[in-house]
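Scroll down for the structure; my scribbles are underneath it.
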Amino acid sequence: MSACTAPPQLVSILFEKVPPPGQEVPPEPVVRQPRRPPYQAPKPPPIVEMQEEAPRTDWAALLAQLPKETGGGTDWVRALNEKFIEPKPGLDPKAEDEPMLDLDVELIPKGAPDFKVAYPHKIHTQILACTNCHPAIFQMEKGADPITMEKIFAGEYCGRCHGKVAFDAVTGCPRCHLAMPK
Amino acid sequence: MTRKALRLALIVMVTLVLIRNVDAEPGDIKFTRKEAGTEDIAPAIFPHWVHRLQFKCHVCHDAIFVMKAGVNPITMDAIEKGTYCGVCHNGKTAFQATFEACTRCHRE
């Protein structure tokens, strides 16, 4: 209670910014920042383009329509020649086919001329490039490769593809050995 | 008796072979995984037939894939970087190898 009744001089000593009587400075106006940012209308949401999944092609149905071999597998040669399929020659849409090589190579086993094979380059170069086989699998020189059926069955030479992605040499004898009964 | 047993065994074997070939086409490649720790994801199966319906052999061989089993070190990282399967499976030429599409290759 005594502090409240103390003379003003004492108050100005004890507390800052309390001017002595008669010298009061008018208080500075208090500037306060707004408590929340001013209202702004929200931006319209961006237009989202819905991307629908491309319709899937039923490849299995297409495969079922392809001509079949007697063994039940797909006859890819007929499928290609009869235009059931038209595989593209490159990833580039403008890619062009390499020219086919119409050359049959006669392979006659020693002592067994009945088992003569006429290897058709034509069918093979429709889907393969020269470098797929030459010179890694077959040398370019005729007779340079000791091709035997054992090696083919073991997955060498023709067996690199035949028996895997092309007709099996086990069941397709007359397709290469043309003189054999079909 | 032995003849009957033999005949039965033969029938069972033929049936098994037929059943096995119903779903798979010749030339399908089931990859064996060399990296440990991902056994809960089925290994990828490459169906040759789907691809050869659309492209000639020399499009992929041997520039993208060497024609020898096990010599192409295919990994998901490599595919995402645009090599091996990623040359086409990038959402442009063919479906992208994303988490939505795992089971299109990784299937039993």
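Quick look at the values:
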{"quantity": "Descending semi-axes in Å of the protein assembly as shown, equivalent ellipsoid built from Cα gyration tensor", "calculated": "80, 25, 20"}
{"quantity": "Whole-angstrom gap from region A:35-89 to region A:101-125, using each part's C-alpha centre", "calculated": "41"}
{"quantity": "Burial ordering of A:39, B:84, fewest other beta-carbon atoms within 10 Å first", "calculated": "A:39, B:84"}
{"quantity": "For region A:133-175 and region B:52-108, distance of Cα centres in Å", "calculated": "26"}
{"quantity": "Gaussian network model of chain A, Cα within-10 Å springs - most flexible of A:27, A:87, A:42", "calculated": "A:27"}
{"quantity": "Under 5 Å, built H, 5+ apart or other chain: amide partners of residue B:46", "calculated": "B:29, B:30, B:31"}
{"quantity": "Percent breakdown of C-alpha pair distances by 10 Å bin, ordered from the shortest bin, for region B:25-105", "calculated": "16, 54, 29, 2"}
{"quantity": "Cβ-based charge dipole, the protein assembly as shown, positive-most Cα from A:117, A:170, B:53", "calculated": "A:170"}
{"quantity": "10 Å Cβ neighbours from other chains, averaged over peptide B:46-53", "calculated": "5"}
{"quantity": "GNM flexibility winner over chain A from A:93, A:146, A:29 (Cα, springs under 10 Å)", "calculated": "A:29"}
{"quantity": "Long pairs among A:164/B:56; A:116/B:68; A:88/B:92; A:68/A:182; A:151/B:56, criterion Cα-Cα beyond 19 Å", "calculated": "A:116/B:68; A:151/B:56"}
{"quantity": "Per-pair calculated FRET efficiency, R0 = 41 Å: residue B:4 and residue A:102 via Cβ, rounded to 0.05", "calculated": "0.15"}
{"quantity": "GluC sites (Glu not before Pro) restricted to DSSP loop in region A:60-139 with at most 12 other C-beta within 10 Å", "calculated": "A:82, A:96"}
{"quantity": "Using distinct alpha-carbon pairs, which all enter the 1/r mean, Kirkwood radius of region A:93-149 in Å", "calculated": "13.0"}
{"quantity": "Global form of region A:27-153, assessed from the alpha-carbon gyration tensor, a/c cut-off 1.5", "calculated": "prolate"}
{"quantity": "Long-range amide H partners of residue A:169 with built H, under 5 Å", "calculated": "A:163"}
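We did not get these values from a lab; they are worked out from the coordinates using the rules stated. Every value quoted in this text rests on a predicted model; they were computed, and no experiment measured them. Glycine gets a Cβ as well: all are built from the backbone with ideal geometry, and neighbour counts include every protein chain shown.
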